[in-house]
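What follows is one structure encoded as structure tokens, with my remarks underneath.
What follows draws every value from the coordinates through simple rules; no lab data is involved. Values in this document were obtained by computation on a predicted structure and should not be read as measured data. Here the Cβ positions follow ideal geometry from the backbone for every residue, glycine too, while neighbour counts run over all protein chains shown.
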Amino acid sequence: MTSLREIDGADAAAVRDALPAALDGSSPLALGFEPSAEDVVPAGTAVVIATSGSSGIPKRVVLSAAALRASAEATVPRLGSGQWMLALPAAYIAGVQVLARSLLAGYEPVLLAGRFTVNSFVDATERMRDDVHRFTSFVPAQLATLLDAAESRPEVRDALASYRAILVGGQALPEQQRMRAAAAGARIVRTYGSSETAGGCVYDGIPLDGVRLVEVDGEIRIGGLMLADGYLGDAERSEQVFVTAPDGARWYRTGDAGTIGDDGRLSITGRIDNVIVSGGINVSLDRVERIVRGVPGLEQAVVVGMPDERWGEASVIFLAAGVGDVEEMFEQARALVSAEIGPHARPAQLEVSPELPTLASGKPDREALRRMARD
């Protein structure tokens with residue numbers, strides 16, 4: 001067993017400098033939390049990443065050096081090799097993998113100066129090498145910010161188009177946003193994965209080499225060398241989430257509902273537990289949100305559940321302050337949801353906030369939004 005070394009995940013340069021020893025399995029890192037003397041990990045561990053995700057449940061995911069390497073190396077046959085620019089928090093798995101991929105390719109990763117802004121992205125892109133492929137990784141909100149700026153700033157459009165691939169994960173990418181990105185010349189790769197799978201392991205619906213997918217009772221499970229060892233200090237949860245099949249294969253239970261096509265393509269339909277009961281009928285909030293985001297102006301909207309006197313539970317749309325006729329957008333959303341799912345699934349309210357709460361990873365803080373809806 002090995003002790004952990006704490007690294008300030010907000011200091012991207014510190015994580016970058018410590019990562020080579022972590023990838024060798026000789027000096028495991030604690031990212032996002034302060035380890036105690038009792039926090040020891042198996043030999044060969046690279047990082048332990050603290051994450052609560054959108055559920056608000058704290059977890060500390062134990063990833064071996066072999067898992068990180070397997071994930072980073074599986075990206076190369078799909079995308080190619082080159083230099084990466086870090087635009088995400090270095091304490092989160094997507095940020096760690098950006099650094100790992102660049103280092104394993106033998107190129108110095110380019111770090112964003114300060115917080116993510118349009119200008120910091122352009123400046124970082126200008127510091128990228130011209131003689132190798134360029135790559136980076138965003139969450140949808142970051143991409144949306146750049147696409148808005150690209151409409152009036154040619155340098156932003158040129159910077160986006162200079163990347164061989166821009167990975168976008170963390171949450172579903174609205175189709176309208178994908179189309180806008182394509183029109184701007186940005187080559188987008190939609191990724192699916194989590195800290196438990198050492199980051200994105202399914203690109204545009206197709207698993208990377210060495211990644212196995214299976215659907216069990218409507219839930220997607222993932223297998224492969226990139227799986228985490230489990231959760232630090234939580235054997236019970238580890239046994240519930242990481243299961244071993246009768247043939248000895250190890251699987252990660254994602255908690256996501258989905259299907260796998262005959263061509264092996266994965267389609268996620270939502271979280272198994274992200275369901276409300278409205279008028280006695282189960283309603284997937286993920287499905288409602290996808291429909292709502294099809295309305296122009298609501299591409300970044302977030303849908304959560306709330307108590308409702310009439311229906312028992314209902315959904316509410318949260319939207320950051322922007323432009324457009326809010327009432328008209330709300331009525332369009334209700335009509336689309338009613339047509340596709342039924343009147344019981346129509347959102348009951350649309351709330352506009354100056355700024356939606358987010359996690360450090362850039363994902364919407366759904367637990368904070370649920371509290372806002374209840375209040």
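Treat every Asp and Glu Cβ in the chain as -1 and every Lys and Arg Cβ as +1, leave all other atoms uncharged, and give the resulting dipole magnitude about the Cα centre to the nearest 20 debye. Please list the in-between numbers first.
On the way: 36 positive and 50 negative charges, 111 e Å.
Charge dipole, the chain, about its Cα centre: 540 debye, nearest 20.
Could you work out the local net charge near residue 104, counting Lys and Arg as +1, Asp and Glu as -1, over the other residues with Cβ closer than 15 Å to its Cβ? Walk me through the intermediate numbers first.
Numbers: positive: 16, 69, 78, 101; negative: 24, 73, 108.
Value of the local net charge: +1.
The string of couplings for the range 146-159 from the Karplus curve (6.51, -1.76, 1.60, θ = phi - 60°) is 6, 5, 4, 5, 5, 5, 10, 10, x, 5, 6, 4, 5, 5 Hz, one whole number per residue in order, with x for Gly and Pro.
Counting other C-beta atoms within 10 Å, and keeping those with at most 11, which DSSP coil chymotrypsin sites (Phe, Trp or Tyr not before Pro) do you find in the range 246-339? All intermediate terms of the calculation are to be shown ahead of the outcome.
Details: sites: 251, 252, 311, 318, 330; in loops: 311.
Qualifying residues, ordered by number: none.
Neighbours of residue 44, meaning other residues whose beta-carbon lies under 13 angstrom from its beta-carbon, give a summed charge of -1 when Lys and Arg score +1 and Asp and Glu score -1. Taking the range 89-120 and a reference point 7 angstrom along Cα→Cβ of residue 131, the backbone N atoms nearer than 14 Å belong to 107-108.
With the cut-off at 1.5 for a/c, could you classify the range 188-230 from its C-alpha gyration tensor as rounded, prolate or oblate? Numbers along the way, then the final one.
Values: a/c = 1.63, a/b = 1.13, b/c = 1.45.
Oblate, because a/c is 1.5 or more while a/b does not exceed b/c.
What the pair-distance distribution of the range 209-269 shows, using all Cα-Cα distances binned every 5 Å from zero, is 4, 17, 27, 25, 17, 7, 2, 1 percent. Once backbone amide H atoms are built at 1.01 Å from N, residue 258 has 220, 269 as its partners under 5 Å, excluding neighbours fewer than 5 places away on the same chain.
Would you please name the GluC sites (Glu not before Pro) within the range 1-93 that are DSSP coil residues with at most 10 other C-beta atoms within 10 Å of their C-beta? Please list the in-between numbers first.
Numbers: sites: 6, 38, 73; in loops: 38.
Hits after loop and neighbour filter: 38.
So for the range 127-242, what percent of the C-alpha to C-alpha distances run longer than 16 Å? Walk me through the numbers on the way to the answer.
Numbers: 4443 of 6670 pairs.
I get 67 percent for the Cα pairs in the range 127-242 exceeding 16 Å.
Our coupling estimate for the range 112-118, obtained by passing each phi through the Karplus curve with A = 6.51, B = -1.76, C = 1.60 and θ = phi - 60°, is 5, 7, x, 6, 6, 9, 4 Hz, Gly and Pro reported as x.
Dipole of the range 2-194, Cα-centred, from +1 at each Lys and Arg C-beta and -1 at each Asp and Glu C-beta, to the nearest 20 debye?
Values: 18 positive and 19 negative charges, 132 e Å.
About 640 debye.
Would you mind classifying the range 266-375 by shape? Square roots of the alpha carbon gyration tensor eigenvalues, ordered a ≥ b ≥ c; an a/c under 1.5 is rounded, otherwise it is prolate if a/b is larger than b/c and oblate if not. If you can, show how the numbers build up before the last one.
Values: a/c = 1.31, a/b = 1.16, b/c = 1.13.
Rounded, since a/c falls under 1.5.
Counting only DSSP H runs of at least 4 residues, each contributing -39500 (n - 2.57), and dividing by the residue count of the chain, the helix-based mean residue ellipticity at 222 nm comes to -9000 deg cm²/dmol. With θ taken as phi - 60° and the Karplus curve 6.51 cos²θ - 1.76 cosθ + 1.60 applied, the whole-hertz 3J(HN,Hα) list for the range 171-183 is 6, 5, 9, x, 4, 4, 5, 4, 5, 4, 5, 4, 5 Hz, x standing for glycine and proline. Rounded to the nearest 20, the size of the Cβ-charge dipole of the range 146-283 about its Cα centre is 460 debye, with Lys and Arg at +1 and Asp and Glu at -1.
Going by amide H atoms built from the backbone, whose H comes under 5 Å of the H on residue 46, apart from near neighbours? Under 5 Å from the amide H of residue 46: 63, 64, 65.
Over the chain, how many percent of alpha carbon pairs lie in each 10 Å bin up to the one with the longest distance? It works out to 5, 23, 32, 27, 12, 2, 0, in whole percents. Give a quick list of GluC sites (Glu not before Pro) in the range 268-356 that DSSP marks as loop, anything other than H, G, I, E or B, with at most 13 other Cβ atoms within 10 Å. When the GluC sites (Glu not before Pro) of the range 268-356 are filtered for loop state and at most 13 Cβ neighbours within 10 Å, 309, 355 remain. Taking 16 Å as the cut-off, the amide N atoms of the range 63-86 that come nearer than this to a point 7 Å along the Cα-to-beta-carbon line of residue 209 belong to 69-82.
Please state the shape class of the range 2-194: rounded when a/c is under 1.5, otherwise prolate if a/b exceeds b/c and oblate if not, all from the C-alpha gyration tensor. The shape class here is prolate. When the Cα positions of 27, 333, 357 are compared along the charge dipole of the chain, 27 comes out farthest toward the positive end, with charges on each C-beta of Lys, Arg, Asp and Glu.
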